[in-house]
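Structure, as structure tokens:
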Amino acid sequence: MRMTDVPSFGNLEGLTVVCMGNTIAAPFAAELMAEHGACVIYVENTDRPDIGRVSLCPYGFITEHRNELFMAINLKNIEGEQVFIEILKKTDILIEGLKGGTFTELGLSDKRLWAENEKLVIVHVSGFGESGLAEYLRRPSYDPIGQAAGGFMSINGFPEPSPPLRAPFVCDYYTALFACWSALAAQMGAQRTGVGESVDVSQMEVMWKLQYGYPLEYFYSGVVHPRQGNEERDYICFGTYLCGNGRYVFICCIANGPARGLLKVLGKDNDPTYPENIQLFRRGDVAAEKVETALKQYCLDNEAEKVEKELNANGVPCSFIHDIETIQTDPQALERGLFTEWSDDRFGKLKGVNIVPKMSNRPGMFWGGARDHGADNRDILSELGYTDKKIEELYKKGVLAELRDGGYFASKAMHIKNRDQINIIMEEEKNEDF
């Protein structure tokens, strides 16, 4: 598939993005752009595909690489480097997710790339950044490392036993969002000034950025914010509540409107104990604790669906705690088309989450599923002026590659629900040449 074959749609129509870097942070940033019209080329290693392809069941990779073109280039080969440079000459944004400093070591420093394309926006995504102590720059980092180094584990979960890992991959996804918005901001600057930009996104720093006022609280008053589970430190009528049918809801009773609404539902709206301007139910306050006790009993006496409906009708924020099965019948999810189907060349018709967010005038769309490893090498290079003979030479030299089964290690495991069957397939494929 050629770059010019990408359909025209969305707010990012005409934008060309090249991305390389294993699941998830850097690739997801590019995927968000692809869903809104950018032409995204995902570049993988010639002999080691994205780790998402070789996981037990590559659902994540398939979901988060829709609308993309795929190449496999050996950047350690001088001709591979030149192929990559030729692509970047036609590129607006490069997103790379390798260890800090790796691109410079490959001879692809920002300065070198700007010599070829002065307006190029270069986004570096790594665990600890592109500058600083060499020891940190070379550290490998995945989502859990970012959560740990970024202090996120220390403020989440219950006090005991150990700091938890938040799923799925919250550090990677937060990092991807920062990479995406900063890339587009830098692109606006490049369009205005004619000068490119280098963006340095660190997983560790992203996670510290997302900690509300906790760092300020520490610097101002010396308080280290504790892990407190699903409860708020200072007030109650806020948290997870078990209902009569064994399901849970989450209730957030904050501010005057919700507080008055909750008192009404519990039959305490005329109780003079609670002033008209009540904002919160303070932890430790005797009257507030009575409301908390009544709320717990109210939930136990009713099914979760009724609790959700009645509290919301009275202005109290409350949601049924959904899983993937229960959300299938949620009327709002159905009305807005939360899930959609698309066609995948290898796995057929698939279903997953739709475009988020929704755009009214120039909406996003899915035009195709994830493609095989190196699937578009030939078309893209032909589009750039390479002859068929030259392309074949590059394959023979190992500059380009297309791996067996599209690079999927456990491709046969798709649609198999029995874990033992999947393990058998894994053992079979381990014994085959890859």
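Only the coordinates and a few stated rules stand behind these numbers; no lab work does. Since the model is a prediction, treat every value here as computed from it, not as a measurement. Glycine gets a Cβ as well: all are built from the backbone with ideal geometry, and neighbour counts include every protein chain shown.
What to note about this one:
- Selection status of N354, surrounded by 13 or more Cβ atoms within 10 Å (Cβ to Cβ) and touching a Ser or Thr at 6+ places or on another chain (Cβ under 6 Å): yes
- Checking each residue in the stretch 265-286 for being surrounded by fewer than 14 Cβ atoms within 10 Å (Cβ to Cβ) and assigned to a helix (DSSP H, G or I) picks out only V286.
- Test set (1) farther than 23 Å from F84 by Cβ; (2) assigned to a strand (DSSP E or B) - V201 fails condition number: (1)
- Hits in the stretch 22-54 - residues which are surrounded by fewer than 21 Cβ atoms within 10 Å (Cβ to Cβ) and either basic (K, R) or in contact with a Ser or Thr (Cβ under 8 Å, 6 or more places away or on another chain) (or both): R48, I51
- Output for the stretch 290-342, where each listed residue is outside any helix (DSSP H, G or I) and exposed (fewer than 13 other Cβ atoms within 10 Å of the Cβ): D301, D323, I324, E325, G337, E341
- When the stretch 204-223 is filtered for residues that are in contact (Cβ under 8 Å) with a residue 40 or more places away in the chain and more than 28 Å from I321 (Cβ to Cβ), the ones remaining, listed by number, are M204, E205, W208.
- Of the candidates V249, V286, V206, the single residue that is β-branched (V, I, T) and more than 30 Å from Y173 (Cα to Cα) is V286.
- When E135 is tested against (1) within 30 Å of N117 (Cα to Cα); (2) among the acidic types (D, E); (3) part of a helix (DSSP H, G or I), only condition (1) is not met.
- Filtered by the rule that a residue be outside any helix (DSSP H, G or I) and surrounded by 19 or more Cβ atoms within 10 Å (Cβ to Cβ), the stretch 100-116 gives G100, L108.
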